Amino acid sequence: MTVRRIGTAWSVTAWWMLLTLFLWFLGTVFDQPASLAAYAASAALMVAIGEAGDWLRRRLVRLRSTRP
């Protein structure tokens, strides 16, 4: 595994954990309790959508820069 992939894996994991804790905190504040696994699954879905959107954005920018 390359250094870049390891860095990306740590970054995605950190976002996932922070988002899970944030969702748990919001659920607690607004009295909407759920299991931690439910918050983790929701956070994983949000991170996956965000990463896919970022990948698409970078790809489109790269394609636009190669066209005359």
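Read the figures in this text as sums done on the coordinates, not as results from a lab. Owing to the predicted nature of the structure, the values given are computational and were not obtained by experimental measurement. Ideal geometry is used to build each Cβ from the backbone, glycine not excepted, and the neighbour counts take in all protein chains shown.
Compared with the dominant principal axis of the Cα atoms in the chain, helix 36-66 is inclined by about 20°. The alpha-carbon atoms of the chain define a convex hull whose volume equals 95 cubic angstrom per residue. Each helix, a run of at least 4 DSSP H residues, gives -39500 (n - 2.57); summed and divided by the residues of the chain, these come to -30500 deg cm²/dmol at 222 nm.
Which net charge results when you count Lys and Arg as +1 and Asp and Glu as -1 among the other residues whose beta-carbon is under 14 Å from that of W10?
Here the count lands on +1.
Listed peptides 43-50, 27-34, 8-15 appear in the order 43-50, 8-15, 27-34 once ranked by packing, highest mean of other Cβ atoms within 10 Å at the front.
Stretched out straight at 0.36 nm per residue, the stretch from V61 to S42 would grow longer than its current Cα-Cα span by 4.0 nm.
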